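The values are calculated or read from the model by the stated rules, or taken from the named source; none is laboratory data. All values derive from a computational prediction rather than experimental measurement. All Cβ positions, glycine included, derive from the backbone under ideal geometry; neighbour counts span all protein chains shown. Surface accessibility is based on the protein's heavy atoms, side chains included, excluding ligands, DNA and RNA. Shrake-Rupley method; radii C 1.70, N 1.55, O 1.52, S 1.80 Å.
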Amino acid sequence: QVQLVESGGGSVQAGGSLRLSCAASGYTVSSGCMGWFRQVPGKEREGVATIYTVSGDTAYDDSVKGRFTISQDNAKNTVYLQMNSLKPEDTAMYYCAARAASLVDSKCPLSFVEWYNNWGQGTQVTVSS
């Protein structure tokens, strides 16, 4: 059984920072793709950042490029999302996702949300202006 547990969410003012953590059990984070996705009530879930954990290749949504960084710590079997310069539009429920994969192009899907087969319960991020 795979379990992904997010933590680190909270309320911050615009311009502030948060570091989200995704701790995995029953799954090795270096097995393929890990990603962070976010969702606002009434809207579709969207990709924020992904990392191909075999090589370290990352992908980011344009809205967070230069502000967010996804990373992995294999020793802790954990994936992180460092969020800096937060904006009110970053407010959402943030979910961690995973799927074991061996990819020739080292690119983990960012927009194909349904491809991921393991999901955490989410952690809320609220950014006030």
Original post:
Can you tell me which residue in the range 11-42 is nearest to the chain's Cα centre (by Cα), limited to those that are assigned to a strand (DSSP E or B) and exposed (fewer than 12 other Cβ atoms within 10 Å of the Cβ)?
Top reply: S25
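Give the number of residues within the range 43-62 that are in a loop (DSSP other than H, G, I, E, B), closer than 15 Å to A97 by Cβ and open to solvent by less than 50 Å² (accessible area, probe 1.4 Å). If you could, list the steps in order and put the result at the bottom.
Filtering the range 43-62 for residues in a loop (DSSP other than H, G, I, E, B) gives 43-45, 53-56, 61-62.
Now drop any that are not closer than 15 Å to A97 by Cβ, which leaves 44-45, 53, 61.
This time we only want the ones that are open to solvent by less than 50 Å² (accessible area, probe 1.4 Å), so: 53.
Final tally of qualifying residues: 1.
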**OP:** Please determine, by comparing only the residues of the range 113-129 that are touching a residue at least 60 places away in the same chain (Cβ under 8 Å), open to solvent by 50 Å² or more (accessible area, probe 1.4 Å) and under 15 Å from the mean Cα position of the chain (by Cα), which one is farthest from V12 (Cα to Cα).
**Re:** W119
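Yes or no, residue by residue, for (1) more than 13 Å from L4 (Cβ to Cβ); (2) at pLDDT 95 or above; (3) open to solvent by less than 30 Å² (accessible area, probe 1.4 Å); (4) in a loop (DSSP other than H, G, I, E, B):
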| residue | (1), (2), (3), (4) |
| --- | --- |
| V64 | yes, yes, yes, yes |
| K76 | yes, yes, no, yes |
| V79 | no, yes, yes, no |
| Q82 | yes, yes, no, no |
| E89 | yes, yes, no, no |
| A98 | no, yes, yes, no |
| K107 | yes, no, no, yes |
